[in-house]
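*Asks:* Following this message is one structure expressed as structure tokens.
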């Protein structure tokens, strides 16, 4: 079970009731925060993990399949970060049920807002050719709530994985 904590902008199209029961997560990563992101030609759901501040981007089409597409995007991102396959499969299995609920942390909303601003700059620069490349870029983006640790390192630590690549192999941050 995973809860995707959505901003009001995203809750409206999902038609989530205001008093939804929020179960405890059964995933290693815990809950995720999400907001709609519009930048021509992209309409995305910008998702940020509450424990690591890792970012994934899910196309904002067909709200009924958002939970499944989110799970698949997270699994692909974990593979790119070097999380072992068995751990990815266990996390994806735990994410088979997704609940949508309102946000609960102002700090995480601030980080989500900052990521949205950085994302708009990346789309303007046209430096990356895919959403996966942008997600890898954000895996090296640091925020104060994580004591300035890279999300990639936090993800690998949570899954007990050793960083399969040296810092020089990681995506460059500009």
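Coordinate-derived values only; no laboratory data. In this text the structure is predicted, and so the values were computed from the model without any measurement. Because the Cβ atoms are built from the backbone with ideal geometry, glycine has one as well, and the counts that use them run over all protein chains shown.
*Asks:* Relative to 2.2 N^0.38 Å, what does the C-alpha radius of gyration of region 2-161 come to as a ratio? Two decimals please. Before the final figure, lay out each step's value.
*Replies:* Details: Rg = 14.6 Å, N = 160, 2.2 N^0.38 = 15.1 Å.
Rg over 2.2 N^0.38 Å, computed on Cα atoms: 0.96.
*Asks:* For 123, 117, what's the fewest-to-most ordering of other Cβ within 10 Å of each Cβ?
*Replies:* On the way: 123 17, 117 10.
Ordered by Cβ neighbours within 10 Å, fewest first: 117, 123.
*Asks:* Alpha carbon centre of region 123-165 versus region 43-84: separation in Å?
*Replies:* 13
*Asks:* I've got another one for you. Using mean Cβ contacts within 10 Å as the protection proxy, how do 65-72, 34-41, 47-54 order, highest first? Write out the running numbers ahead of the final one.
*Replies:* Values: 65-72: 17.1, 34-41: 15.6, 47-54: 23.5.
Ranking the peptides 65-72, 34-41, 47-54 by packing returns 47-54, 65-72, 34-41.
*Asks:* Okay, next question. Which of 42, 77 has the fewest other C-beta atoms within 10 Å, and how do the rest follow up to the most?
*Replies:* Details: 42 14, 77 25.
Fewest-to-most ranking of 42, 77: 42, 77.
*Asks:* I need 22, 2 ordered by Cβ neighbour count within 10 Å, fewest first.
*Replies:* Values: 22 14, 2 23.
In order of increasing Cβ crowding within 10 Å: 22, 2.
*Asks:* Continuing with the same structure: Just the C-alpha atoms of region 39-113: what Rg/Rh do they give, with Rh taken as the Kirkwood radius?
*Replies:* Values: Rg = 13.0 Å, Rh = 13.5 Å.
With Rh from the inverse mean 1/r over Cα pairs, Rg/Rh is 0.96.
*Asks:* What FRET efficiency do you get for residue 126 and residue 79 if R0 is 30 Å and r is their Cβ-Cβ distance, rounded to the nearest 0.05?
*Replies:* Working: r = 26 Å, r/R0 = 0.85.
According to the calculation, E is roughly 0.70.
*Asks:* Over all pairs of distinct alpha carbons, what does the Kirkwood formula give as the hydrodynamic radius of region 111-155, in Å?
*Replies:* On the way: mean 1/r = 0.0903 Å⁻¹.
One decimal place: 11.1 Å for the Kirkwood radius.
*Asks:* Below 8 Å, C-alpha to C-alpha, sequence gap of six or more: please give me the relative contact order for region 2-161 in percent. Before the final figure, lay out each step's value.
*Replies:* On the way: 233 pairs, mean separation 44.7, N = 160.
The value is 28 percent.
*Asks:* Right, here's the next one. Quickly estimate the mean residue ellipticity at 222 nm for the chain, helices only: each DSSP H run with n ≥ 4 gives -39500 (n - 2.57), and the total goes over all residues, rounded to 500.
*Replies:* -12000 deg cm²/dmol
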